[in-house]
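Take a look at the structure below.
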Amino acid sequence: MSHPINRSIIVLKCVTATASCLFALMFVSATAHAQTIIQNDFEDGTLQGWIPRGPVALTNSTEAAQAGTHSLKTTGRTQGFHGPSLNVLGTLVKGATYQVTVSVRLVAGQTPTTVRVTVQRTPVGSGTQFDTVASSATNGVTDAAWTTLNALYSFNTDNSGLLLYVEATNPTSSYYIDSFSITQLAPPPGPPPPSARQLHRPKQGPDGGQERP
């Protein structure tokens, strides 16, 4: 004995399957776009492109390390905004989303302080802007353990300057940084993904009708 076909159930299953496929495609696309842009572990004994911001001394040190045996040590600070810096102009792009990560620790004997990752951004035709990317808790960085700062960052201006630096509230704090990375999580916005209707639009034959297999 034959059973009647419930067409509404079939249609619902097709729609559900299509939505699941679209979600999977979007997830795979986002995962594929994630890529590490900068990664500094200082294990090669160099500064790996970091430069002083202000009259500070940067040295590759084996006194402390969050991973491995090396870190970047900053001493000689006299202002809060002094510290190690990295020129990221031409490396980071407008509209993309990045994850910025760095581990920090004070040199032995230093009093607890607040440490921040900041970007000095100079938009074309405009004044300099200072973007706070990540910050520790108030006086949350000590000489007893490593603290990892981690946050998302993006910008939507064309820039003539883009300088990332690590600063501390205490103007004379000396500290180490290690395990620094910038990962692009999403590229600049592009055209919207195709809809389910576009993905399943039937091909047109030469006479304008639907092609048949």
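Each value in this text was obtained by applying a stated rule to the coordinates, not by laboratory testing. The structure displayed is predicted, hence computed values, not measured ones. Cβ: placed from backbone, ideal geometry, glycine included. Neighbour counts: every protein chain shown.
Length available on full extension from Thr122 to Leu47: 0.36 nm per residue minus the Cα-Cα distance, which gives 24.5 nm. Using alpha carbons only, the radius of gyration of the stretch 35-186 set against its Kirkwood radius gives Rg/Rh = 0.95. Legend: P(r) of the stretch 140-180 from all alpha carbon pair distances, 10 Å bins from 0, whole percents, reading 17, 47, 26, 10, 0. Each residue, Lys94 and Ala137, gets one label point 7 Å from its Cα in the Cβ direction; the gap between the two is 4.0 nm.
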